[in-house]
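Working notes, structure below.
Just so it is clear, none of the values below were taken in a lab; they were calculated from the coordinates. Computed from a predicted model, the values in this text were never measured in an experiment. Using ideal geometry, Cβ is built from the backbone for each residue, glycine included, and neighbour counts are taken over all protein chains shown.
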Amino acid sequence: MRVEENVPLKDLSTFKVGGAARYFCRAASFDDLKEAYRFAKSKKLKIFVLGGGSNILVSDAGFNGLVIKNEISGIKFTEKSGGLTLVEAGAGENWDALVALCVSKNLWGLENLSGIPGTVGAAPIQNIGAYGAEIKDTVKWVEVFDPKFMKRKVMTAEACRFGYRDSRFKHSPDSRYVVTRLTLTLSTSPRPNLNYTDVKEFFAGRNGTPSLHEIREAVLKIRRHKLPDYEKIGTAGSFFKNPILSQEEFNRLRAQFPDLPGRPFGSRQIKISLAHIIDKILGLKGFQKGPVAVHGRQALVLVNLGNATAKEILLLAEEIERRIKEKLGLEIEREVEIIK
Ligand SMILES: Cc1cc2nc3c(=O)[nH]c(=O)nc-3n(C[C@H](O)[C@H](O)[C@H](O)COP(=O)(O)OP(=O)(O)OC[C@H]3O[C@@H](n4cnc5c(N)ncnc54)[C@H](O)[C@@H]3O)c2cc1C
């Protein structure tokens, strides 16, 4: 394993901004991870584990520590009884390539999560979700490297404490774990999940249940229409999370903004649409501030129109946060992690 110095992170993140990593290495195995952590310890460096860089904003000053790019590879399929198949994938594998492979093998469970950028290892970190599905629905085990004891550990889905764009891996002290391998349970019998409005509308008026391949293609098409192409335009997808409110808070806002959409979240809470707030209540969809903008087709998404700095992106994010606080009295949470 080779440790490089002063490696620019800009092209390793989909926002395409930010400074350099003081130290940088690629870990393709458990032993590489051990070596990287020993190196960091010897130099008293902080560590950041990087996947595809699609949910981060690297500060203009970069990262004054060791960035470890997780490149652990390998995919294995094991047939089980009852039409189930276990899919084991290395953390460095590309998420959407894994979804495509599973769909091609007629395995149900990941199709609604088609087209999400990034790596397999990052998927459980924020419990990726889209179009009515979340990774937690299929996770069997998450294998991690625990740098505290330099040991491997395997966790069940329950132990991961998955929540809305959340898991134990996002909170100290468990944020120290490095995901090395993910095992999912998929099914060969059809399990179409067509409840999400966009997907339902896509197939409206159609006779018969769509195939697995058709569902993947529909999700990719919906995403292409709504989201910027991160290969061409700098973005990290949704910058903010949808707020989760108590029924009382929701009633208070509904009295003021009767069109505010909300759907039940668990038994007592309501998840409200932040895109609606940014678009319809604040009128900020498409709003541009210097080289940064609120995406014209999905108001949760911020885009780098070209040569923006991390500071400029943060200024727009802060302005949105401030305006929401002033108008609705709500503190919103970021989905994108700032790396500094
Ligand atoms: C256009 C676009 C659309 C998107 N759509 C969606 C969507 O529909 N749903 C959704 O949930 N997300 C979406 N995202 C966000 C993002 O793609 C996901 O969060 C993805 O899982 C991030 O993967 P990554 O490998 O790029 O992670 P990175 O951005 O590299 O890292 C994200 C976080 O995970 C940690 N991490 C990464 N790998 C590991 C590992 N092996 N072990 C421990 N920690 C690790 C990092 O340290 C960091 O904290 C979108 C992003 C973009 C750009």
| When ranked by the protection proxy of mean other Cβ atoms within 10 Å per residue, highest first, what sequence do the peptides 247-257, 232-242 form? | 232-242, 247-257
| By average Cβ neighbour count within 10 Å, what is the ranking of 303-316, 54-67 from highest down? | 54-67, 303-316
| Taking only the alpha-carbon atoms of segment 234-339, what semi-axes of the equivalent ellipsoid follow from 5 times the gyration tensor eigenvalues under a square root, in whole Å, largest first? | 26, 14, 11
| said: Taking only the Cα atoms of segment 140-284, how large is their convex hull per residue, in Å³? | reply: 196
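Express the relative contact order of the chain as a whole percentage, based on alpha carbon pairs under 8 Å and six or more residues apart in sequence.
It rounds to 17 percent for the chain.
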| note | Set LYS76/LYS271; LYS285/LYS340; LYS46/LYS140; LYS148/LYS170; LYS232/LYS325, cut-off 25 Å on Cα-Cα distance; pairs above it are LYS76/LYS271; LYS285/LYS340; LYS46/LYS140; LYS232/LYS325
| Those aspartates and glutamates that a straight Cα-Cα span of less than 16 Å connects to LYS311, excepting residues fewer than 8 apart in one chain | ASP60, GLU319, GLU321, GLU337
| query | Given the Cα-Cα distance of PHE203 and ARG254 and 0.36 nm per residue of separation, how much length would full extension add, in nm? | reply | 15.3 nm
| message | Suppose the chain between ASN307 and SER175 were pulled fully straight at 0.36 nm per residue; how much longer would it get relative to their current alpha carbon spacing? | response | 44.4 nm
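When the expected Rg is taken as 2.2 N^0.38 Å, what fraction or multiple of it is the alpha-carbon Rg of segment 249-299?
1.35
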| Length-normalised contact order for segment 4-70 - Cα pairs under 8 Å, 6+ apart - percent | 44
| remark: With T = 25 °C, eta = 0.890 mPa s and Kirkwood Rh from C-alpha pairs, the Stokes-Einstein D of the chain in µm²/s is about 116
| note | The answer for LYS69, listing residues at least 5 apart or on another chain whose modeled amide H is closer than 5 Å to its amide H, is CYS25, ARG26, ALA27, LEU50
| note | For segment 176-235, the convex hull over Cα atoms projects on average to an area in nm² of 7.1
| remark: Taking Cα pairs closer than 8 Å and at least 6 residues apart, the relative contact order of segment 219-340 in percent is 29
| Taking all pairs of different Cα atoms in segment 75-226, averaging 1/r and flipping that mean, what Kirkwood radius in angstroms comes out? | 16.0
